[in-house]
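Student: Here's a structure for you.
The values are calculated or read from the model by the stated rules, or taken from the named source; none is laboratory data. Keep in mind the model is a prediction, meaning the values are calculated, not measured. Every residue, glycine among them, receives a Cβ derived from its backbone with ideal geometry; neighbour counts consider all protein chains shown.
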Amino acid sequence: MRQEKRHKLQLFYEILCAIEDDIDHNKVARPTHIQHNCRLSYDKMMNHIIELEHKYMIYRANSTGLISLTSKGKKFVKQYNELLNLIESAGL
């Protein structure tokens, strides 16, 4: 059975949540952890990471490759959660 393709916004949300969770548990977010949590190939995940970086939702340290959320990324996660709650409460 084939899974539905995820929308870009959903992928961004999942990546940002994976970064947030990784930081909460390990104090740092590593690309490999994000890749496994989001079930993406490394190349696709890195394309999304680069796009999120260009949108100033994440910060990637050049020397270590570690990733962190910016305030804009945290705001996106919060607002996406609110949207999901609204959809659920409306029964959609």
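Student: Could you please find all residues in segment 54-92 being outside any strand (DSSP E or B), at pLDDT 95 or above, closer than 22 Å to HIS25 by Cα and not polar (S, T, N, Q)?
Tutor: MET57, LYS72, GLY73, LYS74, LYS75, PHE76, VAL77, LYS78, TYR80
Student: Here's another thing I want to ask about it. Would you call GLU88 acidic (Asp, Glu), within 14 Å of TYR13 (Cα to Cα) and free of Cβ contacts under 8 Å to residues at least 24 places away in the same chain? Give the steps one after another, and end with the answer.
Tutor: Numbers: acidic (Asp, Glu): yes; within 14 Å of TYR13 (Cα to Cα): no; free of Cβ contacts under 8 Å to residues at least 24 places away in the same chain: yes.
Taking the combined requirement at face value, the residue does not satisfy it.
Student: Return the total of residues in segment 54-65 being on the phi < 0 side of the Ramachandran plot and surrounded by fewer than 15 Cβ atoms within 10 Å (Cβ to Cβ). So that I can check it myself, show each step before the final result.
Tutor: Step one: list which residues in segment 54-65 are on the phi < 0 side of the Ramachandran plot, which gives 54-55, 57-64.
If we keep only those that are surrounded by fewer than 15 Cβ atoms within 10 Å (Cβ to Cβ) too, we end up with 54-55, 59, 61-64.
Residues meeting the conditions: 7.
Student: I need the full set of residues from segment 66-92 which are under 22 Å from HIS33 (Cα atoms), of a type in the set (Gly, Ala, Ser) and loosely packed, with under 12 Cβ neighbours inside 10 Å, in order please.
Tutor: Answer for segment 66-92, where residues must be under 22 Å from HIS33 (Cα atoms), of a type in the set (Gly, Ala, Ser) and loosely packed, with under 12 Cβ neighbours inside 10 Å: just SER71.
Student: Any residue in segment 19-36 that is in contact (Cβ under 8 Å) with a residue 24 or more places away in the chain, part of a loop (DSSP other than H, G, I, E, B) and within 21 Å of GLU82 (Cα to Cα)?
Tutor: no
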